[in-house]
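Worksheet: one structure, shown below.
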Amino acid sequence: MFKLFLLFAILPIIEITILINVGEQIGGWYTVAIVIVTAFAGAQLVKQQGISTLMQAQQKMQAGTMPSQEMAEGLLLVIAGVLLVTPGFITDGIGFLLSLPMTRPLIAKGLVKHLSIKMVNPSFDGGFAQHQQPHSTNQSDDIIEGEFEHKDKSPVNPALKDDLRKPD
């Protein structure tokens with residue numbers, strides 16, 4: 001709760017103070033121009049890095065491995081994008097730190113280690129895992145598995161019509 005208080009109450013006050021001080025030193029219009037340029041440059045950087053990270057994640061999924069590093073980097077890029085378009089020098093600094101290709105993988109690696117990622121299916125094959133209920137002792141063991149075929153319906157393919165004849 002205290003971290004959220006710092007994020008939403010204290011950080012904007014610090015950002016405003018820094019913007020006012022920089023504006024007094026170099027001028028208000030130059031300060032606004034710097035904020036706009038950093039937002040534009042940051043958005044372009046996040047877009048380029050996001051596409052690169054997405055392609056790496058797709059390659060890992062095609063190889064049959066879990067792209068946990070790329071998922072963490074993608075999350076960091078989303079956070080970086082929000083921080084870079086938010087006016088302020090501290091948020092821009094953190095946003096660039098999270099989006100640069102030299103620092104983002106290191107931060108993402110620490111994030112992956114810190115978070116426990118639970119996989120539904122350990123043999124990840126890039127598809128969706130089917131969830132099955134574990135067998136409980138309350139269920140009856142009189143389960144009969146088998147296959148069936150509808151004999152009363154006409155086949156979609158007329159060439160298969162001969163296969164549905166009743167035995168003589």
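FYI, it's all coordinate maths here, none of it is from the lab. As the structure is a computational prediction, the values presented were derived from the model and not from experiment. When we count neighbours, we look across all protein chains shown, and the Cβ atoms used for this are built from the backbone with ideal geometry, even at glycine.
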query = Simple spin-label model, 7 Å along Cα-to-Cβ: F2 to I14 in nm?
reply = 1.5
inquiry  = Output wanted: per-residue J couplings in Hz (rounded whole) for region 72-83, from phi through Karplus 6.51 cos²θ - 1.76 cosθ + 1.60, θ = phi - 60°, x for Gly and Pro.
reply    = 5, 5, x, 4, 5, 5, 5, 4, 4, x, 5, 5
Difference of contour (0.36 nm per residue) and Cα-Cα distance, W29 to S52 = 4.8 nm
message = From the phi angles alone, apply the Karplus equation (6.51, -1.76, 1.60; θ = phi - 60°) to region 96-109 and give each ³J(HN,Hα) in whole Hz, x where the residue is Gly or Pro.
response = 5, 4, 6, 9, 6, x, 7, 9, 4, x, 5, 5, 5, 4
key: Spin-label model distance (nm) - I90 vs A63, 7 Å beyond Cα toward Cβ   = 4.0
inquiry  = If each residue of separation counts as 0.36 nm, what is the full-extension length gain between L111 and F40 once their alpha-carbon separation is subtracted?
reply    = 22.9 nm
query = For the peptides 1-8, 56-63, what is the packing order when you average, over each peptide's residues, the other Cβ atoms within 10 Å and list the highest mean first?
reply = 56-63, 1-8
Paramagnetic reach from N21 in region 78-115 [backbone N under 15 Å; point 7 Å along Cα→Cβ] = 88-91
